Every structure is written in C-alpha cells, then in structure tokens.
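Notes for the one structure printed next.
The values are calculated or read from the model by the stated rules, or taken from the named source; none is laboratory data. Keep in mind that what you see is a predicted model, and the values were worked out from it rather than measured. Backbone-built Cβ (ideal geometry, glycine too); neighbour counts: all protein chains shown.
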Amino acid sequence: MAIGGYNQLPLISLDTQLGTEAYKFQSARAALYAYLSATKIKTLYVPNYICDSIFPALKSLTVEVKFYSVNEQLLPVNCPELTEKSDSRILLVNYFGLLNEQIKMLTAVKPELFIVDNSQALFCEHIEGTTSIYSPRKFLGIPDGGLLRTEIKINMPEARYDASENVGHLLLRAAGDVQAGYARFLDAEQMLECFIPKKISVISAHLIKCADLNTIKEKRRRNYKILYNKFRTLNQLQLPINDHVPLCYPLKLELNVTSICRELIDNAIYLPRYWSSQHSGSVGKGMFENTLFLPVDERISTTELLQLVKLIRTKL
Ligand SMILES: Cc1ncc(COP(=O)(O)O)c(C=O)c1O
C-alpha cells in the first residue's frame, strides 16, 4: 500500500471477479496464440465469417487455416469430422453472444476438438472439455484483455502489457469528447495487433474489479429485448435472447445498410460493421452488407433506444 503523494481516479473496487480460472492475456488473439503454440496445433478450421484480426497470429505459427461455411443461422454447414488424437481444432464463433445453446450441442460429443471463440460472448460459460477465448474489452471499458480457458497447462509470459498510453479513449469518451476519443481508440486497437502473448495490463485488471457486471448483464438483456420486440417482423435473422447476454442486436435487412450507417453517423450514432473480409462466404458477405449491429450496452437509456428505433424506421 502507498500513502499520500499524487492523486488518482476515484475508481471504486467492487472486487468483481472475471475469469478466475482463466489465463489472462492482453487480447483474445494473444490467448489463441498461446493455446495454439502450447499445443502445437497444425490445422485450424475457421468459419468463413470471422474477424480478420486472428489471421496474423495463425500465420506466424504456420497454422494451416481451413475454412468451413456457415449457414444463415450462423452455424457450421458441415462440422469437420476430426479424431480425438488430431492435431487439428475447430474454431466455433459464438456470434454476438447469441449462440450459447447451439455451441453446447455442437461440442457435446467431442469437446476437446473445439475452440469456442467467445470474443463476442463474455458471459457465455466455458464448456468443460473445450478451449475457449474471450475478449472482455468488447463489453467493458478497459483498454486490453483476453481470456483463455483450457485444460492444457499454459506457461504464462513474464511480460505484462502496458496499457498506460492506451486509456485516453476511455477517459475522453466518458468526458463526452467522442471525436478525440475515437482517434485514440484506433491507436489503442492498433497496439493490440501485436499478438505475442503478454499478461493483461494492471490497468485492465483493476478496472475489471470496478465493473458492475450484474448491471451490465441486466441492461444489455433489457435493451436487446426492446429491440427484438420492435424489429421482430422486419429482422431476417431471428436470434432470441434466452439466457444470453448479447454484444449487440443484429438487425438483418433486405437492403445494403452502408448508406444508413453513414446517415446515422451524422446523428452521432456509431454502428460497427461485422466483418469486411476477403475470406467471407455468401452468408458472411450478406451479414456485413445487410446488417445493422445496434448497440445494447448499459449506457443507453430506454428513451434513447426508442429514438434509435424511430430513426431507423424513417430510413427503411
Ligand atoms: C470473433 C472474434 N474473434 C477474435 C477476435 C479478436 O479479439 P481481440 O481483439 O481481443 O484479439 C475478435 C475481435 O474482434 C472477434 O470478433
């Protein structure tokens, strides 16, 4: 303990625990790298709808990538058949944190062959026997973080990620300076392109302790339900909430959403696009081109959400 001296942000620790049994790195891709290098996996089956950010790590480990197709429900068309002794693994993505049950079923028989990518599903429980990765900064205001749950023994790196230069965007956003924060956010994300595993930063580890996870979960679920009910008849993608804590509400339309996204920016509404990639198959391309990924996070009030619904309706 230190007493006196320069001051600090008034953050109150709630002693929140996240991933107590997980290995904790600076990013999900670093967590994936740590697992693949420890197990010397040679081939990874990857869905043809995924974020490109994982590929540099795979390339550097000379892991062969084999793509499999996903259907309109975002599930594997044909799950590769692997034997238990295989040096291959199948990566299953829990898209938008809305596929918990389906992933449980797919992994039920031979869990050891699967890596569940819960980067978009922070609150999806790890399935015993599988390996899973998480990216908590997509749900929490933290600069870095990547969790790995696996039965394999992982030797943690000595080096710790230094996020001290990469917290500006979180402070600027909290202070309402969204524009200045966005440039810093991009810089912070770029810093995470280095996938060589390091321990999670002390800053993120502390910020996690201060996070009110129950409120975050409740509000995400509440917001999702509102959007689900409002867009029920319009949405080409029906993903019910069940017990999920979603990343966002994917609203799949029968039109290209690029111009709507641009117009929303003029109203200070910033939607992510998941994902533009040369590896995407037809379903992935359709998801990118035709889907609005609406926010459901705890910062949004019901009034704001209803305004957003109204605004989107005017553009359809
Ligand atoms: C499905 C999926 N997997 C992996 C990642 C990589 O996560 P991180 O940025 O924490 O490395 C992402 C990031 O967007 C993702 O969406």
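A few comments on the model shown:
- Screening the range 255-305 for residues that are of a type in the set (Gly, Ala, Ser) and outside any helix (DSSP H, G or I) and picking the one that is surrounded by the fewest Cβ atoms within 10 Å (Cβ to Cβ) gives Ala268.
- Every residue from the range 148-181 that is within 18 Å of the chain's Cα centre (by Cα) and surrounded by 24 or more Cβ atoms within 10 Å (Cβ to Cβ): Leu148
- Residue within the range 163-171 that is in contact (Cβ under 8 Å) with a residue 40 or more places away in the chain, hydroxyl-bearing (Ser, Thr, Tyr) and more than 21 Å from Asp212 (Cβ to Cβ) present: no
- Summed over the range 223-236, residues that are surrounded by fewer than 19 Cβ atoms within 10 Å (Cβ to Cβ), in contact (Cβ under 8 Å) with a residue 60 or more places away in the chain and of a type in the set (D, E, K, R) total 0.
- Test: residue in the range 93-108 that is over 13 Å from the mean Cα position of the chain (by Cα), more than 9 Å from the ligand (Cβ to nearest atom) and under 20 Å from Ala34 (Cα atoms): no
- Within the range 127-138, the set of residues being in contact (Cβ under 8 Å) with a residue 60 or more places away in the chain and more than 11 Å from the ligand (Cβ to nearest atom) comprises just one member, Thr131.
- Enumeration of residues in the range 187-230 that are assigned to a helix (DSSP H, G or I) and within 13 Å of the ligand (Cβ to nearest atom): Ala188, Glu189, Gln190, Met191, Ser204
- Subset tally (residues that are surrounded by 17 or more Cβ atoms within 10 Å (Cβ to Cβ) and out of contact with any Ser or Thr (no Cβ under 9 Å at 6 or more places or on another chain)) for the range 91-101: 7
- For the range 82-102, the tally of residues that are more than 16 Å from Ile127 (Cβ to Cβ) and in a strand (DSSP E or B) stands at 1.
- Residue under evaluation Cys79, criteria (1) farther than 17 Å from Glu193 by Cα; (2) surrounded by fewer than 22 Cβ atoms within 10 Å (Cβ to Cβ); (3) modelled with pLDDT of 95 or more, criterion not met: (3)
- Scan of the range 1-29 for residues that are in contact (Cβ under 8 Å) with a residue 24 or more places away in the chain and on the phi > 0 side of the Ramachandran plot, ordered by number: Asp15, Gly19
- Note on the range 264-287: residues that are of a type in the set (Val, Ile, Thr) and either more than 18 Å from Lys315 (Cα to Cα) or without any contact (Cβ under 8 Å) to a residue 24 or more places away in the chain (or both) amount to 2.
- Annotation note: of Asn78, Asn7, the sole residue that is assigned to a loop (DSSP other than H, G, I, E, B) and under 29 Å from Leu207 (Cβ atoms) is Asn7.
- When restricted to residues that are of a type in the set (Ser, Thr, Tyr) and in a helix (DSSP H, G or I), the range 17-47 contains 4.
- When the range 2-47 is filtered for residues that are within 16 Å of the ligand (Cβ to nearest atom) and of a type in the set (Lys, Arg), the ones remaining, listed by number, are Lys24, Arg29.
- Filtered residues of the range 274-297 (kept if under 17 Å from the mean Cα position of the chain (by Cα) and more than 19 Å from Phe231 (Cα to Cα)): Tyr274, Trp275, Ser276, Ser277, Gly284
- Members of the range 52-92 that are within 16 Å of the ligand (Cβ to nearest atom), of a type in the set (A, V, I, L, M) and touching a strand residue (DSSP E or B) at 6+ places or on another chain (Cβ under 7 Å): Leu58, Val63, Val65, Val70, Ile90, Leu91, Leu92
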